Amino acid sequence: MGVVQPGRGQRRGRGQESGQKPPDGDDRASRSRRLQAKGRASGAAPSRAVSAPGAGPGPGGARGKGRPNAPVPVAAPRRFSSTTLAFVSAGVVVVVVVALVIFRVATSSSPGTNNAAPVLTSASPSVLAKVQIGIGDPVVGAVGLPSSLNPPSVDKGQPALISGGKPEAFYIGGDFCPSCATERWALIMAFSRFGTFTGLDETTSSPWDTPPAIHTFSFVSAKYKSNYVVFNTVENETNDTGPNGAGRKPLQPMSSQESSLWAKYATHFGITQGFPFVDFGNNVFVLGATYDPNTLRGLDQEQIASKLKNAQDPVTQGIVGTASYLTAAICSITGNHPSSVCSAPIVTQAAHALGVS
């Protein structure tokens, strides 16, 4: 009987020969089919690996068809509305404009190193003519005694200050001083009602002080002549040549009497010695600015003088109103002479307000 070789002419069924093991490949396929059948019977879903977008199969590779890898959601870039962008742009523009304004103010109207040191020039006759307003001028009565002024102080019972047989008044200030700058306008107006000035110069206060560069006069070369009163003036310090008082130095010295009286009455009124100081016969005293120096800020000589006919202008109220108080102070030490000045209603009113009538 012939021997039939396996695989030739016959197919060997599963387990045909006991003890023989199927090939490995067939065994794995069989197991896979049995697992899949079991999974379908139990209803379990096949396991799928989740991969990040763009990644390949996970460890071991993909099994079966599986779900394609889904991209992870990414938030869209934030976009501002046109209204928001408009507001932001406007805000940037405002910030830039404010910065420029602050810079211009800091470098122009504030004291700075680009300002030139003031010089003295002869006072303009036309300006002086506008300043020398007589006591009977209608603008004097119209201005009256504004409540914004800081009236002079009075100390009755002090020894009279006499020079050459006449009552004396004296002024101490400095060319750099803004408060002195404003007070000189009223002093010239008041004393011109009793006598005559010569040698007046015009200048400004220090451009580096506050407020800066107030247009004014200087008494450095001035002389005053009157039949009723002696008026001595001391510009004790020069103007500045730079910031922080640079270049300021002593100018005209005080007499020992003037220095002593200044110290005495500063202590008496409880103030620190400062400019301006005006002593009217040891009876009435100016201890600082009578009106706000900012009133004259930004105005030149001609502009200030031209305002003095307008009773409603703050410049006129400051200068003319102060001059009325100073006129009453002079009358208090001259025995109310001349009567053409001292009997004027505004002078009587100012003397009563001061308590020297």
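To keep it simple, each residue is scored yes or no on (1) within 16 Å of Ser147 (Cβ to Cβ); (2) of a type in the set (Lys, Arg).
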site	(1), (2)
Pro293	no, no
Lys309	no, yes
Thr316	yes, no
Val320	yes, no
Ile330	no, no
Asn336	no, no
Ile346	yes, no
Leu354	yes, no
Ser357	no, no
* Check Gly157 against each of (1) closer than 29 Å to Val356 by Cβ; (2) surrounded by fewer than 18 Cβ atoms within 10 Å (Cβ to Cβ); (3) at pLDDT 95 or above and name the one condition it does not meet. => (3)
* Structure fact -> Selection over region 309-346 where residues are within 40 Å of the chain's Cα centre (by Cα) and not in a loop (DSSP other than H, G, I, E, B) yields a count of 19
* Structure fact -> Heads up, the strands (runs of 3 or more DSSP E) in region 204-249 (entirely inside) with at least 3 residues that are surrounded by fewer than 23 Cβ atoms within 10 Å (Cβ to Cβ) are 223-226, 230-237
* To do: May I ask you to list the residues in region 269-289 that are of a type in the set (Gly, Ala, Ser) and surrounded by fewer than 20 Cβ atoms within 10 Å (Cβ to Cβ)?
  => Gly270, Gly274, Gly288
* Asked: On the given criteria, is Ala181 modelled with pLDDT of 95 or more and under 26 Å from the mean Cα position of the chain (by Cα)?
  -> yes
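Please work out if Ala266 is more than 37 Å from the chain's Cα centre (by Cα), surrounded by fewer than 24 Cβ atoms within 10 Å (Cβ to Cβ) and not hydroxyl-bearing (Ser, Thr, Tyr).
no
The values are calculated or read from the model by the stated rules, or taken from the named source; none is laboratory data. Because the structure is a prediction, the values reported are computed rather than measured. Reconstructed Cβ throughout: ideal geometry from the backbone, glycine too, with neighbour counts over all protein chains shown.
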